[in-house]
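Since every read-out is calculated from the coordinates, none of them should be taken as a lab result. What you see is a predicted model, and the numbers here were worked out from it, not measured in a lab. Note: ideal-geometry Cβ built from the backbone for every residue, glycine included; neighbour counts use all protein chains shown.
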Amino acid sequence: MPANVLFSARSALWPVYEPLLTQYLADAKVDARLSTEFEPDQVDYVVYAPNGGVHDFTPYTRLKAVLSLWAGIEKIADNETLTVPLARMVDHGLTQGMTEWVVGHVLRYHLGIDRHILVQDGVWEPEAPPLAKERIVCILGLGTLGEAAARALTALNFQVTGWSRTAKDIPGVTCLHGSEGLRQALSQAEIVVLLLPDTPATENALNAETLALLPKGARIINPGRGPLIDDDALLDALNSGQVGHATLDVFRVEPLPEDHPYWTHPNVTVTPHIASETRPVTAAQVICENIRRGEAGEPFVHLVDRTLGY
Ligand code: NDP
């Protein structure tokens, strides 16, 4: 009997993914049917995004796995109606996009690019930027995205410090963990990049106390998730000069409300959750590989630990 694969994401994505999933499932010789409209009790796999409309998994009585199109799974991680394995998206294209975005914004700060792009005031100040090897960048979160960004920045000769929940060993990166590791990482960080998941343990990772550990004038780049930062504490730190500038891609409420102080703060750059995105050509391969595994009785990859929330 073919496996029924329900595609539950933004409707505009269906014409993009349908031919890709069809092709890759055929290539992998997986007997499967794809639709956006199966009866819940006929579904074996849900290809899932939070805006696809499935919230209650109770009627999905023969479900084998939920395969997320998103890397961040905080909107489904605590869904108590979900009792089957949940896989998050680990997509080479998404990772590459995030690496490029992080490197671009780190270089903006490192080179002081704004000084010459935004201020053409007739003042000739020939001050060259330092070399990357003189700049300490700290990455909070050394998972798929954080490690890739750390490796790219290391390749450019930045001094990279990373922080994660468990101990890591990444060539050229000073890897720290635990609460003392966080203090150590932040105390020298001139540029901080947040690539942590949104979990109960990471909420307000940057708060008044941890922001105060930074060298004065440090810059923050957040492509992780909004709740990683205590917004009031960041605004205070920006107003006092403790934080020199912040580039924020993600927010507690999205779209960021029009009257939010971040929009008009002179030392904040807001980007509309575009740091990276799942790329269909590569992501569809990841989805199909997990369906193949499920049908072959092999373990799924990229499973979420629901107790940790990522
Ligand atoms: P991973 O799950 O691969 O990595 C998460 C990292 O965070 C791991 O290194 C993990 O530590 C660390 N971590 C988790 N909890 C803690 C904690 N309590 N203390 C310290 N470290 C912790 O995730 P990805 O790299 O794939 O993605 C990271 C996040 O990026 C996503 O959750 C999502 O929110 C965001 N994202 C944003 C996008 C955008 O466009 N803005 C696009 C895609 C993703 P350990 O390694 O020890 O487990």
Full-extension gain between Glu39 and Ile117, please, as 0.36 nm times their residue separation minus the C-alpha to C-alpha distance. 22.5 nm
Counting only residues 5 or more apart in sequence or on a different chain, those whose built amide H sits under 5 Å from that of Ile139 are Thr161, Gly162, Trp163, Val193
Would you kindly derive the ³J(HN,Hα) couplings of region 169-178 from the backbone phi angles with the Karplus curve 6.51 cos²θ - 1.76 cosθ + 1.60 (θ = phi - 60°), listing them in order in whole Hz, with x for Gly and Pro? 9, 10, x, x, 10, 7, 9, 10, 8, x
Restricting to DSSP H runs of at least four residues, report the calculated mean residue ellipticity at 222 nm for the chain, -39500 (n - 2.57) per run over all residues, nearest 500 deg cm²/dmol. -9500 deg cm²/dmol
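Given a Förster distance of 22 angstrom, what is the FRET efficiency for Val281 paired with Val253, based on the Cβ-Cβ distance and rounded to 0.05?
Working from the Cβ atoms, E equals 0.10.
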Per DSSP, loop chymotrypsin sites (Phe, Trp or Tyr not before Pro) in region 44-115 with at most 10 further Cβ within 10 Å: none
Looking at region 182-241, which trypsin sites (Lys or Arg not before Pro) are DSSP coil and have at most 15 other C-beta atoms within 10 Å of their C-beta? Lys216
Does region 95-270 come out rounded, prolate or oblate, given a ≥ b ≥ c as the square roots of the eigenvalues of its C-alpha gyration tensor, rounded meaning a/c under 1.5 and, failing that, prolate meaning a/b above b/c? oblate
Could you check the spin-label model distance between Asp31 and Thr83? Points 7 Å from the Cα along Cα→Cβ, value in nm. 2.8
Most mobile of Pro50, Pro197, Pro257 per a Gaussian network model of the chain (Cα springs, under 10 Å)? Pro257
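Please count, across the chain, the pairs of lysine residues with Cα atoms under 27 Å apart that sit 8 or more places apart or on different chains.
Lysine pairs satisfying the spacing and distance rule in the chain number 4.
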Would you mind telling me which residue in Ser187, Ser68, Ser11 has the biggest mean-square fluctuation in a Gaussian network model of the chain, where springs connect alpha carbons within a distance under 10 angstrom? Ser11
Could you state the angle between the C-alpha long axis of helix 92-111 and the longest principal axis of the C-alpha atoms of the chain, as a value from 0 to 90 degrees rounded to the nearest 10? 10
Averaging sequence separations of C-alpha pairs under 8 Å and six or more residues apart, then dividing by the length of region 95-270, give the relative contact order as a whole percent. 16
Where GluC sites (Glu not before Pro) in DSSP loops with at most 11 other Cβ within 10 Å are excluded, longest remaining stretch of the chain: 128-257
Dipole in debye (nearest 20) - region 84-230, about Cα centre, beta carbon charges: Lys, Arg +1; Asp, Glu -1: 240
What is the angle, in °, between the Cα long axis of helix 144-155 and the longest principal axis of the Cα atoms in the chain? Nearest 10 is fine, range 0 to 90. 40
Least to most buried among Lys133, Lys168, by other C-beta atoms within 10 Å and fewest first, runs Lys133, Lys168
